[in-house]
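To start, the structure itself, in structure tokens.
The values are calculated or read from the model by the stated rules, or taken from the named source; none is laboratory data. Keep in mind that this is a model prediction, so the values were computed, not measured. When we count neighbours, we look across all protein chains shown, and the Cβ atoms used for this are built from the backbone with ideal geometry, even at glycine.
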Amino acid sequence: MHLIIDGYNLIHQTPELFLAADLGQGRQALLLALRLYRKKRPHRLTVVFDGGQDPEPRRASAQGVPVIFSGTRLKADQVIVELARAQGSGATVITDDRELAGLCRSAGAEVIPARVFAGRLMATAQGSPLLIEEDEEGWDFSTKKKGPARREPKAKRRQSSRLERL
């Protein structure tokens, strides 16, 4: 699985990173957290940030994490959509941007909300186990059937599957 991360979007959805003094410090904190995340999870990562001094997108590596700066001519959203098209169904895009999410889905990529991934990222980076709150109602004594008619839509099941692997 290849995670394509909308960098500044994820920073703004993560309170621990957004409270940094400036975006440069938030960016460094995000890259450090992603480096720790990658040690525990073997997913390929690419973080895309807006800006840079070159007119064309520039690839770099910071904290051992591959980074792409979109440059002055393109927006990060355009670079992310191109990456999603190139990867197809093997890509998972992390963003809360609705327009970008729609474009990535049409390119065949799965989209995970940034706020969902932020919680998992911070829990993994801090070394604490992921806390998944489940309602424990005990045994259900009803005879209510649970067959395919009660199954979630395929897109929802596919997203849940990707979330479990994060």
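A few points about this structure:
- Residue ID - farthest from ALA155 (Cα to Cα), chosen from residues in the stretch 68-99 that are hydroxyl-bearing (Ser, Thr, Tyr) and assigned to a loop (DSSP other than H, G, I, E, B): THR72
- Residue in the stretch 12-22 that is more than 30 Å from SER106 (Cβ to Cβ) and not in a loop (DSSP other than H, G, I, E, B) present: yes
- One residue stands out in the stretch 43-64 among those that are surrounded by fewer than 13 Cβ atoms within 10 Å (Cβ to Cβ) and of a type in the set (S, T, N, Q): the one that is nearest to LEU32 (Cα to Cα), namely SER61.
- Within the stretch 84-99, the set of residues being among the charged types (D, E, K, R) and out of contact with any helix residue (DSSP H, G or I) (no Cβ under 8 Å at 6 or more places or on another chain) comprises ARG85, ARG98.
- Among residues of the stretch 21-49 that are more than 14 Å from TYR8 (Cα to Cα), those with a beta-carbon under 6 Å from a residue that is surrounded by fewer than 18 Cβ atoms within 10 Å (Cβ to Cβ) and of a type in the set (S, T, N, Q) at least six positions away or on a different chain give the pairs LEU32/GLN63; ARG35/GLN63.
- Here ALA118, ALA84 are screened, and the one residue that is crowded, with 18+ Cβ neighbours inside 10 Å, modelled with pLDDT of 80 or more, of a type outside the set (D, E, K, R) and more than 15 Å from LEU10 (Cβ to Cβ) is ALA84.
- As for the stretch 146-161, it holds at least one residue that is of a type in the set (A, V, I, L, M), modelled with pLDDT under 90 and either closer than 24 Å to GLY26 by Cβ or in a helix (DSSP H, G or I) (or both).
- In the set (1) without any contact (Cβ under 8 Å) to a residue 60 or more places away in the chain; (2) out of contact with any Lys or Arg (no Cβ under 6 Å at 6 or more places or on another chain); (3) assigned to a loop (DSSP other than H, G, I, E, B); (4) on the phi < 0 side of the Ramachandran plot, PRO55 fails one condition alone, (2).
- Check on PHE49, modelled with pLDDT of 90 or more and farther than 23 Å from GLN159 by Cβ: yes
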